[in-house]
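Below is one structure, written out as structure tokens; the observations come after it.
The values are calculated or read from the model by the stated rules, or taken from the named source; none is laboratory data. Remember, it's a predicted structure, so these values are computed and weren't measured experimentally. Because the Cβ atoms are built from the backbone with ideal geometry, glycine has one as well, and the counts that use them run over all protein chains shown.
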Amino acid sequence: MLSLGNWPTDYLKRADPTLAAPLALYEKIKGGLRIVALDSEASKAGITLGQSLVNARALVPALTAREINRPLLEAGFADFADWHSNTSPMVAVLDDVSSFGDLVLDITGVDHLFGGEPAMLHMALTRLRLLGYSVNGAIAPTIGAAWAVSHFLSSRVVAADGLIGLLDALPVSALRLNEQQVATLAQMGLKTIGQLRQRPRKPLQARFGLSLLTRLDQAYGIIEERMTPRLPVAEHHVERRFADPIALMDDVLACAHDLAIQLAYRLEADGKGAQAFHLFLYRVDHKVMSLSVNSARLTRDPHHIAQLFAHRAERLSGEYDAGFGIDMIRLAASSLDALDASQLGAFSADEGTEDLDQLNDRMASRLGTMAVLRTQMVASNMPERAARLVPTQAGKPDMASSRSFTRPVRLLPVPEYVAISAEVPDGLPALMIWRRQQYRLVKGAGPERLETEWWRFAERLELVPPPEPKEPEPGKEPDPPPYIPDLPLHEPDGKARDYYRVEDEDGRRFWVFRLGFYSGPTMPSWYLHGFFP
């Protein structure tokens, strides 16, 4: 756990060296301007959090005050958290108290790379202090204990056998409780966590709710508290550090190709392949750029992996910014599964499916996932609902059971009304008028009767699944909503359809259906739904 209590002011002073200390940030709270962040100089001068801006200026006339920009600070801290993935593969922002200031790093299995836990903690604190950040840290068996120690004690490594005694002596506010809960506990005479832990649990739950007991159990390890990493968890990764930073995209892609070869050897040794690959570019200015690509099938082909990143880089070339240079590149693989080695014999037949999947991967990487689609069959009796379009890199679905009646390859999105002459009641169509043009039908087959799916509600047909909404980046306008066809709703109580395959005198083949029956109270109507090759 790394606690940067003065992150807002330290970050702004690094971004703008002209800002003079003491520095404080204010925000309008309940109609008044209140101090919400300050640096160490302002704190030493006697300014406190929550103090009014007027009183703070009266106390320290030389105070530099700025209005807090929370979106900017949150975005900057998110980039700062991603940069710490060069130390631990799992990094998260602990935002239950504040959206910036607390970093959680899972160092399980990586501390030996830095000479043990004390040396790793010393390294993390030293490099941040050299950058000008006020930071305190702790390594503990639980997230709650690490947070409590980093906020209320000096930096240290907490052993499992000393966890209980250390937490018992800390104040109750070290449990990440809200102000009202802390004030109520103080009125009850409960000042330390040890005193709280000795009280009966049921009265505490009845008065404070389950959140207090949850925080207590999480701190002592009775309940596991899980973190949510910001970056994808890399099951296999390789990396390269540079003595002199690089900046050109060509150098980055050349390094990515070399790393792909190393990663392929590791995957092959474990008998695995991957479908998701992530390239992390660690900049000198403590920011991380990431590129992610996907593959339709399991692969460990280094050339194919490198080509995916090359095509993605072409798409994002305008957004590429190496800053002051890149000093480390990491290539990671996720979505792993077993992939046996294949041996090609003299008489083996290449179906070409692998080459087609790789082509789709490259096009999707260059054009975007939703730009390369394929047809996915859906279990539905209604022809317009029996297929939809999905990304080619989506998992291979189970094909719906095919019907014995031949279906056309091309379907109209919405059946179009036509005028047809046919024998009553079930005779084959003989003449069709569609879009003011007459077609003399000489051949036909049918009917095939399709009943409506009564178990479905009035659902709208979706040819392409709508994309998930994304929040715009700070300072940028949101993207316009994607175009979604306004297709008709499904009618569970609709009439049955009788489909016919017909052919005109010029050899054009159509798929038409009659909606309703001649024996009903209303005359049926005819529609054109598709075309045969």
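Just a few scattered comments:
- Of the listed requirements (1) part of a loop (DSSP other than H, G, I, E, B); (2) of a type outside the set (Phe, Trp, Tyr); (3) in contact (Cβ under 8 Å) with a residue 12 or more places away in the chain, ALA56 misses just one: (1).
- Any hit, the range 413-420, residues being among the aliphatic types (A, V, I, L, M), at pLDDT below 90, over 29 Å from LEU336 (Cα atoms) and assigned to a strand (DSSP E or B): yes
- Note on the range 181-197: residues that are among the polar types (S, T, N, Q) and either modelled with pLDDT under 90 or surrounded by 18 or more Cβ atoms within 10 Å (Cβ to Cβ) (or both) total 1.
- Residues satisfying the stated conditions in the range 7-35, i.e. in contact with a strand residue (DSSP E or B) (Cβ under 6 Å, 6 or more places away or on another chain), within 19 Å of SER134 (Cβ to Cβ) and surrounded by 17 or more Cβ atoms within 10 Å (Cβ to Cβ): PRO8, THR9, LEU23, ALA24, LEU25, ILE35
- Residue among ARG176, ARG207, ARG199 that alone is out of contact with any Phe, Trp or Tyr (no Cβ under 6 Å at 6 or more places or on another chain) and in contact (Cβ under 8 Å) with a residue 40 or more places away in the chain: ARG176
- Number of positions in the range 66-105 that are in contact with a Pro (Cβ under 7 Å, 6 or more places away or on another chain), in a helix (DSSP H, G or I) and crowded, with 20+ Cβ neighbours inside 10 Å: 1
- Residue in the range 71-85 that is touching a Ser or Thr at 6+ places or on another chain (Cβ under 7 Å) and small (Gly, Ala, Ser) present: no
- For the range 213-237, residues that are assigned to a loop (DSSP other than H, G, I, E, B) and small (Gly, Ala, Ser) total 2.
- Enumeration of residues in the range 134-172 that are in a loop (DSSP other than H, G, I, E, B), surrounded by fewer than 20 Cβ atoms within 10 Å (Cβ to Cβ) and not aliphatic (A, V, I, L, M): SER134, PRO141, SER154, SER155
- Count of the range 283-316 residues which are crowded, with 22+ Cβ neighbours inside 10 Å and among the hydroxyl-bearing types (Ser, Thr, Tyr): 2
- Any hit, the range 17-28, residues being over 30 Å from LEU281 (Cβ atoms) and basic (Lys, Arg): yes
- Residue match in the range 238-249 (condition: in contact with a helix residue (DSSP H, G or I) (Cβ under 8 Å, 6 or more places away or on another chain), part of a loop (DSSP other than H, G, I, E, B) and exposed (fewer than 14 other Cβ atoms within 10 Å of the Cβ)): no
- Filtering LEU175, LEU259 for residues that are at pLDDT 90 or above, over 24 Å from GLY101 (Cα atoms), out of contact with any Cys (no Cβ under 6 Å at 6 or more places or on another chain) and surrounded by 14 or more Cβ atoms within 10 Å (Cβ to Cβ) leaves a single hit, LEU259.
- Some residue of the range 263-280 being within 30 Å of TYR133 (Cβ to Cβ), surrounded by 20 or more Cβ atoms within 10 Å (Cβ to Cβ) and either in contact with a Lys or Arg (Cβ under 7 Å, 6 or more places away or on another chain) or touching a residue at least 60 places away in the same chain (Cβ under 8 Å) (or both): yes
- Those residues of the range 106-150 which are of a type in the set (D, E, K, R) and touching an Asp or Glu at 6+ places or on another chain (Cβ under 9 Å), in sequence order: ASP111, GLU117
- Contacts under 7 angstrom Cβ, first residue in the range 359-371 being outside the structural domain of ASP301 (by TED's automatic domain parsing) and farther than 18 Å from ALA306 by Cβ, partner surrounded by 14 or more Cβ atoms within 10 Å (Cβ to Cβ) and at pLDDT below 80, 6 or more apart: THR369/GLN393
- For the range 23-41, the count of residues that are touching a Gly at 6+ places or on another chain (Cβ under 7 Å) and over 30 Å from GLU225 (Cβ atoms) is at least one.
- Among the residues listed as LEU63, LEU4, the single one being touching a helix residue (DSSP H, G or I) at 6+ places or on another chain (Cβ under 9 Å), crowded, with 21+ Cβ neighbours inside 10 Å and closer than 28 Å to ALA174 by Cβ: LEU4
- The range 510-533, subset without any contact (Cβ under 8 Å) to a residue 40 or more places away in the chain and over 13 Å from ASP426 (Cα atoms), residue surrounded by the fewest Cβ atoms within 10 Å (Cβ to Cβ): PRO521
- Residue in the range 224-239 that is on the phi < 0 side of the Ramachandran plot, more than 22 Å from the chain's Cα centre (by Cα) and touching a residue at least 60 places away in the same chain (Cβ under 8 Å) present: yes
- Residue count for the range 277-292, restricted to those that are modelled with pLDDT of 90 or more and either among the small types (Gly, Ala, Ser) or under 19 Å from the mean Cα position of the chain (by Cα) (or both): 5.
- Residues in the range 250-270 that are touching a helix residue (DSSP H, G or I) at 6+ places or on another chain (Cβ under 7 Å) and within 19 Å of TRP83 (Cα to Cα): 1 in all.
- Residue that is among the hydrophobic types (A, V, I, L, M, F, W, C) and modelled with pLDDT under 80, where the choices are MET363, MET370: MET370
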